[in-house]
């Protein structure tokens, strides 16, 4: 099937097999590898992107379902060499270690603040519970999200 999407402001059209997951389409056909594949079961959140402004796990969406959509990946956040405020907050608050979960965590955190611009610590923890990090223990991730919210 032929699909057309806009990824980070750039139009893309490709033939895809109907069973192709959006995460695989983004990585293999669009060529953006910041969206990570962690589990293929929607358990870890490493593949989180924004699809028409909503935070989604791209391993749960078929590429054909995204036809006509506007997609933002981690690569689309920085503007003119300036990090997105959430990326900056993660860096300044040591909200990452190995970095594997970081793209999905950042995208989920932005989605969280879009819905709740002034969350409490508990609301951040609940809002990010669908994204797993095996390195940090979450304290600095929560701190980074709260810092971005107050910026």
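Points worth noting:
- Scan of the stretch 124-151 for residues that are touching a helix residue (DSSP H, G or I) at 6+ places or on another chain (Cβ under 8 Å) and farther than 14 Å from residue 89 by Cβ, ordered by number: 125, 127, 130, 131, 133, 138
- Residue within the stretch 116-138 that is part of a helix (DSSP H, G or I) and touching a residue at least 40 places away in the same chain (Cβ under 8 Å) present: no
- Residue in the stretch 98-105 that is at pLDDT below 95 and more than 15 Å from residue 34 (Cβ to Cβ) present: no
- Meets criteria (surrounded by fewer than 17 Cβ atoms within 10 Å (Cβ to Cβ) and not assigned by TED's automatic domain parsing to the domain that holds residue 8) for residue 99: yes
- Inclusion of residue 57 among residues that are within 26 Å of residue 13 (Cα to Cα) and at pLDDT 95 or above is warranted.
- Test result for residue 108, assigned to a helix (DSSP H, G or I) and in contact with a helix residue (DSSP H, G or I) (Cβ under 6 Å, 6 or more places away or on another chain): no
- Scanning the stretch 102-140 for residues that are surrounded by 13 or more Cβ atoms within 10 Å (Cβ to Cβ) and either assigned by TED's automatic domain parsing to the domain that holds residue 36 or under 15 Å from the mean Cα position of the chain (by Cα) (or both) yields a count of 18.
- Positions within the stretch 92-115 being without any contact (Cβ under 8 Å) to a residue 40 or more places away in the chain and farther than 20 Å from residue 57 by Cβ, in sequence order: 97
The values are calculated or read from the model by the stated rules, or taken from the named source; none is laboratory data. Quick caveat, the model's predicted, so the values are computed rather than measured. Every residue, glycine as well, gets a Cβ built from its backbone with ideal geometry; the counts of neighbours run over all protein chains shown.
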